[in-house]
Amino acid sequence: MDVKSAIVGGGLTGVSLARFLHERGEDVVVLEREPCIGGLCRSRTEAGFTFDIGGSHIIFSRDTGVLSFMRTVLGENREERTRNTKILYKGSYVKYPFENGLFQLPKDDLFFCINEFIQNLIAVETGRVPPPRNFAEWITATFGRGIAGCYMLPYNRKIWNFPLENMSHHWVDGRIPRPPVEDIIRSAIGIETEGYTHQAVFSYPVRGGIEALIHAIAEPISRYIMTGFPVSRIREENGTFTISDGRRDVKADRLISTIPLQILLPCLENVPDNVQAACDALKYNSLCSVFIGVKGKVPEFSWVYIPEEEAGPFNRISFPSGYSTRTAPPGHASVLAEITFNEGDAISRMQDPEIIDHVMQALEKIGIIPDRNAVVYTGVERQKFAYVVYDLDYRKNIEIVREFCSERKISLVGRFAQFEYLNMDGCIRSAMDFAGLDR
Ligand SMILES: Cc1cc2nc3c(=O)[nH]c(=O)nc-3n(C[C@H](O)[C@H](O)[C@H](O)COP(=O)(O)OP(=O)(O)OC[C@H]3O[C@@H](n4cnc5c(N)ncnc54)[C@H](O)[C@@H]3O)c2cc1C
């Protein structure tokens, strides 16, 4: 097969890019390893329950062009919800973001948080806080020792599973809500405020879980997608790429990779040692998603952050049956627990039944499920590449790998190809920009 552009990887980025290039009249093919498209945005439906396999996904964005695209392609298959998100703090549910729920803290903790926030603000204003050198220092320099110690540090340690002192902070702006001081004061004295407002109302497909978004995007280009095509070798000769899965060859004038760099590099020939070493040094986290279906009800929260280790192994639990009633059978509800892990750690060594047992025990203890007898469905999915971890050497290493790919004329688009913390909107924006669409 000969095409103009071959896109390796049929996750959200790959299918979006194929659609945009096709709209521009370009001849494309998407090569996807798995039997179905979607990558991290796949969903599974079993026993009447639908769960997103790459952790809970919702549709939101500050990018109005991308948001409008996602809404339009879903059409009628979309429901809107108002966020009702909490943080489990010392056994109570505090409004999210934490700074907006300060009034719900025990009085001593509230004083600690507000006092430290103000002391810190004065110290920053008078130039007594040195510029942060890492993510841990950024958290304390932004929120003060109170909010940092009560919530931000423990939560981030749990989700990143990596020393925060060894993480860079160049990526946090726009991703971690920075509280306006007025909001902190309002929230401390009990006046309700909303933080992170572009996510306060979110959407979700009525049917099919988040994977429905992928199919809606892929609809006009489905005939240009080859699933079950695990790319294992890529060669370039005289401006033509030959992309192979070991059995079949596809020839293309242009190659766009949306797969993780750690999978791409072994497909290439003569990768210099320093490039391979830089790629090996890039850090990422894996994710274990645990699915629990229950008879009866669960709390009417959207999702809950769980910073404390004692409360359970998960950093977040969400309630897909609240996103769309079609994700659970009538009279039933669902809970999705997300656990970050890395190869070789305790979670990675646990078998699925053991993890499910841990999660059910913890959910029972914190009162999310009434008791185990209510559980009618369980499941586990693991994703090797879930989160990019920005360690202190990240920028040095990624530059080396990107430069090499650029020399080989391989374009990188998407979360693990760009190796950036891109949400769905960021992936679609990258694809739109790559295709030269102005939306
Ligand atoms: C826990 C979690 C929660 C999230 N929640 C949200 C949310 O609420 N809202 C939001 O906007 N975003 C969310 N995201 C982010 C979102 O999942 C990603 O931005 C998006 O799915 C990335 O898409 P992608 O196509 O770039 O990468 P991927 O989904 O990783 O796709 C890469 C594709 O390449 C394929 N592939 C790999 N190797 C090969 C090979 N050798 N040959 C061929 N194909 C190959 C894979 O099978 C996969 O289909 C979340 C992410 C996580 C981890």
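Which ones in region 388-408 are farther than 21 Å from E137 by Cβ and either in contact (Cβ under 8 Å) with a residue 40 or more places away in the chain or away from the ligand (no atom under 16 Å from the Cβ) (or both)? Across region 388-408, the qualifying residues are N397, I398, E399, I400, V401, E403, F404, C405, S406, E407, R408. Just one of the numbered conditions (1) part of a helix (DSSP H, G or I); (2) more than 9 Å from the ligand (Cβ to nearest atom); (3) surrounded by 14 or more Cβ atoms within 10 Å (Cβ to Cβ) is not true of F51: (1). Exactly one residue out of A6, A18 is within 13 Å of the ligand (Cβ to nearest atom) and over 25 Å from Y421 (Cβ atoms): that is A6. Annotation: of all residues in region 101-145 being touching a strand residue (DSSP E or B) at 6+ places or on another chain (Cβ under 9 Å) and among the polar types (S, T, N, Q), the one that is nearest to V181 (Cα to Cα) is Q104. Of all residues in region 299-310, exactly one satisfies the criterion of being in contact with a Leu (Cβ under 6 Å, 6 or more places away or on another chain) and more than 22 Å from F49 (Cα to Cα), namely I306.
Scanning region 329-356 for residues that are within 19 Å of A47 (Cβ to Cβ) and surrounded by fewer than 18 Cβ atoms within 10 Å (Cβ to Cβ) yields P329, P330, G331, D352, P353. Determine if region 412-421 includes at least one residue that is in the same structural domain as L12 (by TED's automatic domain parsing), farther than 15 Å from I7 by Cβ and in a loop (DSSP other than H, G, I, E, B). Yes: region 412-421 contains one or more residues that are in the same structural domain as L12 (by TED's automatic domain parsing), farther than 15 Å from I7 by Cβ and in a loop (DSSP other than H, G, I, E, B). Applying the criterion of being surrounded by fewer than 20 Cβ atoms within 10 Å (Cβ to Cβ) and either closer than 14 Å to Y93 by Cα or free of Cβ contacts under 8 Å to residues at least 60 places away in the same chain (or both) to the residues of region 296-310, the residue that is farthest from the chain's Cα centre (by Cα) is K297. Residue check: is G146 crowded, with 19+ Cβ neighbours inside 10 Å and without any contact (Cβ under 8 Å) to a residue 40 or more places away in the chain? Criteria met by G146. Every listed requirement among (1) in contact (Cβ under 8 Å) with a residue 40 or more places away in the chain; (2) closer than 30 Å to Y151 by Cα is met by I214 save one, (2).
The values are calculated or read from the model by the stated rules, or taken from the named source; none is laboratory data. All values reported here derive from a predicted model rather than from experimental measurement. So basically every Cβ, Gly included, is an ideal-geometry build from the backbone, and we count neighbours across all protein chains shown.
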